[in-house]
Amino acid sequence: MNERKKKKEVLKYSVGIDISKDEFHVCVSGIDSEQRVTVRGTRSFNNTSSGHAQCLSWAKKLNKEQVLMVFIMEATGVYYEELAWHLHLEKEHVSVVVPNKAKKYLQSIGKSKNDQIDAIGLAQMGAEKQLKQWIPLTDSIYELRSLTRHRESCSKLRTATINRIHANEHGRLKIKPVLKSLKSSLKHFDTQIEKMEELIKELIMSDPVLAERCRKITKVKGIGLITFAVVVAETNGFAAIENHRQLVSYAGYDVVENQSGNHVGRTRISKKGNSRIRAAMHFPALQAVKREEPVFVNLYERVYGRTGITMKGYVAVQKKMLELIYFLWIKNEEYDPNRNRTSGNDEPKLLFSQQPVEPITPEKEVVPMNTETTQDRLPCKDSPEVLFSQGQKYKKKLL
């Protein structure tokens, strides 16, 4: 009898949280030695400071065995951050999963879709799986992420405004008040983008770690300050990245094959990752090939020669540049363009010098980093047609 009772003893509790702007639904589940998951309680709380405290107190009361308790939630916009921080400061085990991962798990166990069921499904997911503990952003990285994302929003609005001006100027009737308003908006977005870039640079230079890493990484042709800032901000300084393969998957550069029996479909990247990183790597890849950085040109030529598709060559360069940024960051080393000039197929770790680099100290002068805007984006006057013609020009050169 005692042995049967021992088998049913809860080994771990999992608290699934489905969170929204005003409230969040919570489910506490326990898993025993026979891997059976049982629901111990469900409840809703207001998404406020007092609601966060009430949730933690209630969950702890259900943990009568005083065993490990993990809290799992989805990365839903910014609504989860306050609760995750509250639990983190209380030294609780918190796991934050991307919505797509949670969605696939719920589909695999045949769950329907509503807030309470999502919380139950998340609790079961946390009980059955060993999820990584959430690592919160530092203040510098959080501020950097806010600045880079606001700059991206302004850039998108600027592009939309340019398109509207073009349509207004080439339409049957030119509505002058509308055109004047659009040009005023365009000037505002240009000012905002310039201001955000200045703030990003000031923030990076004020942080010794970011300043040192940025100085070293921006020596790679094509990678500028904005590219560096976006990649670091979106990966939390690579804090939760264990290897370059995980980084590739996180950014959506992992390859998806379409093959079954005799059928061989098109191979492509998944794009199920951080789209901001892929957007940030687009123009640096074009610049690296245009400026004939040997490693990236070799890779581009090899992929283009095999596939005959220009963009596949550039995507391969984007992926390799991202891996290079990661290796330079974790090793805190400078890029050495004199190594591995013959192949575009070697590991990124061979692309930089093995000689130790003397760390920057406050007494030493910091060498200015490369901040040319053309490395992160096209000049303001260049249009998509100019970009396309540059790609075609290089394509003709190869042929």
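What follows is calculated from the coordinates using simple rules that are stated; it is not laboratory data. Quantities reported herein were computed from a predicted structural model and do not represent experimental measurements. All Cβ positions, glycine included, derive from the backbone under ideal geometry; neighbour counts span all protein chains shown.
Brief remarks on what is shown
- In the stretch 166-184, the residues that are part of a helix (DSSP H, G or I) and surrounded by fewer than 16 Cβ atoms within 10 Å (Cβ to Cβ): His166, Ala167, Glu169, His170, Lys176, Pro177, Val178, Leu179, Lys180, Ser181, Lys183, Ser184
- Only one of Glu92, Glu128, Glu74 that is acidic (Asp, Glu) and surrounded by fewer than 17 Cβ atoms within 10 Å (Cβ to Cβ): Glu128
- Matching residues, the stretch 53-83, being without any contact (Cβ under 8 Å) to a residue 12 or more places away in the chain and part of a loop (DSSP other than H, G, I, E, B): Lys64, Gln66, Gly77, Val78
- Note on the stretch 210-240: residues that are assigned to a helix (DSSP H, G or I), within 20 Å of the chain's Cα centre (by Cα) and either surrounded by fewer than 20 Cβ atoms within 10 Å (Cβ to Cβ) or of a type outside the set (Val, Ile, Thr) (or both) amount to 8.
- Test for Leu247: is it in a helix (DSSP H, G or I), touching a residue at least 60 places away in the same chain (Cβ under 8 Å), out of contact with any Pro (no Cβ under 8 Å at 6 or more places or on another chain) and under 17 Å from Glu323 (Cβ atoms): yes
- Any hit, the stretch 286-307, residues being free of Cβ contacts under 8 Å to residues at least 40 places away in the same chain and either closer than 22 Å to Val232 by Cα or small (Gly, Ala, Ser) (or both): no
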